[in-house]
Amino acid sequence: MEIQWHHGQTLAAGQVAEFKVWAELVRQSMGGLHVFLPLRDLGIDGVVHRLDDGSYIPVQVKGRTELTPAGQVHITVTATSLVDDQALVVAALVDGEQLGPFVLVIEEAAFRTLAVHNEVGGREYLTAAFQLHEGGDSRWAPYLVGREKLAERFGVAAPAGAATTEDLLARSVVDRGHEGFLGEMEVVRRLAEAESLNLLRPFPDLETVEVLARHVSTRRFLGIQVKTVGWDRDHLENRVYVRRASSRSSASTFVCVLGWDRDAGLFEDDCLLIPSVELPDIARADGEWMELELVPGAMRHRRTDRYRKSLLSLGLTVASLLE
């Protein structure tokens, strides 16, 4: 799939690359890595917190949406933008719905040493060009990481040490807080693909809305509360709970329900996007909770079918609601 971006979309392309990197780190680490996003841009795009040892890793993300005629990813940065020698530069191709097959991960100090230096108009620029395959004699080759091993490069190979997939799935306790976090990050990633949306997160997270989208042209807002329902061979969950006391309905607030297949480690293809004002009409009251019933693995119920949306096009769906 060929992706074309004109010059005015450069910043939007960079935002898409950043959120795809954050989403990959969260998904692959299964909660072993947490991402912090800055409220002010001072040269670092994010900080990755490795929970095993408490380390904080500053990161700059550089994304490109096309290859050079030689089939390379071409990254150019100003020398003054590299502000921390220990920070990691993560450079990647945005290839359709995912990152390219290989990602460059290198400390800023090494990037500065290996890059080609040029001066244009009194400013120093650093350039790297790398292929999307392993091996070869390129000076960048030792720093190329397969996309599916990105979390390993950040020091998290698998949850609980070297536990196998079978071991993980056999655990009797399900970390629903972690699954909720995965769902939120997936929604943010999908919304980031819509260039007409600006995304905001609450700090601290003390309200119904967990992800806020603002249309850059119409300036309208849409708030989303994310709910993730997960299942595996030992835990078949089919209910979503919303606390009635803390849920504030509004025409601009929606509930987005994602299905998480623990066995496959994947989200279901469809999600539910429910106007919060309609939630009491389709949910069952159970004390202090509103309860939605779904079919595990299918995200279906006769009361909710009309709210089914493709997760792949969630960004476009939300953008259309704000036009």
For this session: Filter the stretch 175-198 for residues that are in contact with a His (Cβ under 9 Å, 6 or more places away or on another chain) and open to solvent by 20 Å² or more (accessible area, probe 1.4 Å) and give the result.
Result: 181, 196, 198
For this session: List every residue pair whose Cβ atoms sit under 7 Å apart, with the two residues 6 or more apart in sequence or on different chains, where the first one lies in the stretch 49-68 and is closer than 23 Å to residue 32 by Cα and touching a residue at least 12 places away in the same chain (Cβ under 8 Å) and the second, anywhere, is surrounded by 13 or more Cβ atoms within 10 Å (Cβ to Cβ) and of a type in the set (Lys, Arg).
Result: 57/50
For this session: Taking the options 94, 105, 83, name whichever one is closer than 29 Å to residue 314 by Cα and surrounded by 12 or more Cβ atoms within 10 Å (Cβ to Cβ).
Result: 94
Problem set entry | Boolean, residue 248 is more than 27 Å from residue 29 (Cβ to Cβ), assigned to a helix (DSSP H, G or I), of a type in the set (Lys, Arg) and open to solvent by 10 Å² or more (accessible area, probe 1.4 Å) | no
For this session: May I ask you to list the residues in the stretch 114-134 that are open to solvent by 80 Å² or more (accessible area, probe 1.4 Å) and closer than 23 Å to residue 150 by Cβ?
Result: 133, 134
Seminar exercise, completed: Cβ pairs under 8 Å, 6+ apart or interchain, first in the stretch 265-292 and more than 18 Å from residue 305 (Cβ to Cβ), second surrounded by fewer than 18 Cβ atoms within 10 Å (Cβ to Cβ) and hydrophobic (A, V, I, L, M, F, W, C), ordered by first then second residue, are 277/251; 288/245
Exercise. Does the stretch 261-275 hold any residues that are out of contact with any Phe, Trp or Tyr (no Cβ under 6 Å at 6 or more places or on another chain) and either open to solvent by less than 10 Å² (accessible area, probe 1.4 Å) or outside any strand (DSSP E or B) (or both), and which are they?
Worked result: 262, 263, 264, 265, 271
Exercise. Quick one: what pairs do we get from the stretch 136-147, first residue at negative phi and in a loop (DSSP other than H, G, I, E, B), second open to solvent by less than 30 Å² (accessible area, probe 1.4 Å) and of a type outside the set (S, T, N, Q), C-beta under 7 Å, 6+ apart or different chains?
Worked result: 138/130; 140/104; 140/128; 140/130
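The values are calculated or read from the model by the stated rules, or taken from the named source; none is laboratory data. What you see is a predicted model, and the numbers here were worked out from it, not measured in a lab. All Cβ positions, glycine included, derive from the backbone under ideal geometry; neighbour counts span all protein chains shown. Surface areas here come from the heavy atoms of the whole protein model, side chains and all, with no ligands, DNA or RNA. Shrake-Rupley method; radii C 1.70, N 1.55, O 1.52, S 1.80 Å.
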